[in-house]
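Asker: My questions all concern the structure below.
The values are calculated or read from the model by the stated rules, or taken from the named source; none is laboratory data. These numbers come from a predicted model, not from an experiment. No Cβ is skipped: glycine too gets one built from the backbone with ideal geometry, and neighbour counts run over all protein chains shown. To get the accessible areas, we keep the full protein, side chains included, count just its heavy atoms, and leave off ligands, DNA and RNA. Shrake-Rupley method; radii C 1.70, N 1.55, O 1.52, S 1.80 Å.
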Amino acid sequence: MLDSWLPFLIYGVLALAIPGSMMWMSFKFSQRPARRTRARTMPFESGVATGPLPRQRFSVSFYLTAMLFIVFDIEIVFLYPLAVNLHLLGWFGFIELLFFIAILALGYVYIWRKGALEWQ
């Protein structure tokens, strides 16, 4: 019975040991300043000072790069199940894998030629 539960136990021990050791090391090796400064007493949220937010405009290339990342990231996720079952699918799966990668490469070359990856 232990053979079937051993991987789960190892995973559980590591899942507790890694964050626990990180917390212990952060308390053990942290350095506190000797005196309080004005900057330390000011409230902040995630390192960003509170107050009115400055009005920022992002360029179109920022959004374009973000959308291209999401599209290609999702497409790459589709390769994982195909790679896992490639031996069951045989040559049909291999040809399908090559076809899918060719479509991704063609799309990548297209957006590269259009200049969508240029940051200006």
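Asker: For the chain, report the accessible area per residue in Å² (1.4 Å probe, heavy atoms, rounded to an integer).
Answerer: 97 Å²
Asker: With a 1.4 Å probe and every protein chain kept in, tell me what percent of the accessible surface of the chain is carbon plus sulfur.
Answerer: The C+S portion of the solvent-accessible surface of the chain is 70 percent.
Asker: Using protein chains only and a probe of 1.4 angstrom, how many square angstrom of PHE69 are accessible, to the nearest 10?
Answerer: 130 Å²
Asker: Show that you can apply the helix-only estimate: for the chain, add -39,500 (n - 2.57) for every DSSP H stretch of four or more residues, divide by all residues, and state [θ] at 222 nm to the nearest 500.
Answerer: Working: 5 runs with 85 residues, N = 120.
Calculated at 222 nm, the ellipticity per residue is -23500 deg cm²/dmol.
Asker: Taking 0.36 nm per residue of sequence separation and subtracting the Cα-Cα distance, how much length would be gained by fully extending the chain between ILE95 and PHE72, in nm to one decimal?
Answerer: Net length gain for the segment: 6.3 nm.
Asker: Right, another one. Computed over the Cα atoms, what is the radius of gyration of the chain divided by 2.2 N^0.38 Å, N being its residue count?
Answerer: 1.84
Asker: Pop a pseudo-label 7 angstrom from the Cα along the beta-carbon direction at both LEU88 and ALA105 and give the gap in nm to one decimal.
Answerer: It works out to 2.8 nm between the two label points.
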